[in-house]
Amino acid sequence: MGLLSHLTHPKGKIWIALDKATFQEGEPVVGKVNIQAEEYIQSKGVKVEARVVESWNEMVWVTLPNNQRIQENQRRTNNLYQRDVQVAGPTDFGKGPAQTFPFSVGIPPCRPTRGGSSVQNLLKAVLESHGRPDLTNETQIAFVPAGTYGSPMNVGYGPGPMPTGYGPNPGYLPNPGYGMPPYQGYGQPGYGIPPPQQQQAPSVKVRCKYCTGLMDSNAVNCPTCGAHQ
């Protein structure tokens, strides 16, 4: 190993594989840290760093080298939450197949504390190396509110498009007449006219338990998200 080896990162790769693409707020984030060494690496341990970072743009005064003061738009950040989870102790890695370390870490729901800011939920996998820079890799976590379906495209908070084949299918609507007596035939009295009780009964509105949209209390599917009630 050369004299300047303490300035170079170990040769290898580290990455996080999550158990699923989207997590609900309040549930633990579960996955695996994968490490593939391309040389002998003596590590002090492997950990996962959880961070919730708020970021925003802010106009600040700066002084130029000629002592002129100007306003500059700078990106500011603030840690709303941070936690480190140790997933492996001192370990020696050799060249060969990737080694896998499971982990589970809780990240509480955090909201922006100022207007115009955004919030990111991040996980960083860290291999702490003896006498050399750490081997790291960062990934972003997608959360949706508890009790709703989400998509990896939604990094902030709120429901997202429903993944194909997961949960109620908005495209499937049962036959409105299924399980009901058939309507009277063409030319018979009352053809095409709903039963009198349907005209007289008041329309009671309730909220969908999935998207909270308004719908009739006797509706089988939500007209907004299509979820079966």
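Annotations for the structure displayed:
- Residue check: Ala142 meets all listed conditions (1) loosely packed, with under 12 Cβ neighbours inside 10 Å; (2) at pLDDT 85 or above; (3) hydrophobic (A, V, I, L, M, F, W, C) but one, namely (1).
- Search result, residues across segment 92-143 that are among the polar types (S, T, N, Q), over 13 Å from the mean Cα position of the chain (by Cα) and part of a strand (DSSP E or B): Gln99, Thr100, Ser104, Ser118, Ser129, Thr136, Asn137
- So Glu49, is it in a strand (DSSP E or B), among the charged types (D, E, K, R) and over 26 Å from Leu7 (Cα atoms): no
- Subset of segment 32-62 [buried (at least 19 other Cβ atoms within 10 Å of the Cβ) and small (Gly, Ala, Ser)]: Ala37, Ser43, Ala50
- When Val119 is tested against (1) modelled with pLDDT of 95 or more; (2) more than 22 Å from Glu54 (Cβ to Cβ); (3) buried (at least 18 other Cβ atoms within 10 Å of the Cβ), exactly one condition is not met: (2).
- Any hit, segment 22-29, residues being surrounded by fewer than 20 Cβ atoms within 10 Å (Cβ to Cβ), over 20 Å from Val119 (Cα atoms) and out of contact with any Lys or Arg (no Cβ under 8 Å at 6 or more places or on another chain): no
- Among the residues of this structure, Thr100 counts as one that is among the polar types (S, T, N, Q), at pLDDT 95 or above and in contact with a Lys or Arg (Cβ under 9 Å, 6 or more places away or on another chain).
- Qualifying residue in segment 67-84 (condition: touching a residue at least 12 places away in the same chain (Cβ under 8 Å) and touching a Gly at 6+ places or on another chain (Cβ under 9 Å)): yes
The values are calculated or read from the model by the stated rules, or taken from the named source; none is laboratory data. Since the structure is predicted, the reported quantities are computational estimates derived from the model, not experimental observations. For neighbour counting, all protein chains shown are included, and Cβ atoms are generated from backbone atoms with ideal geometry for every residue, glycine included.
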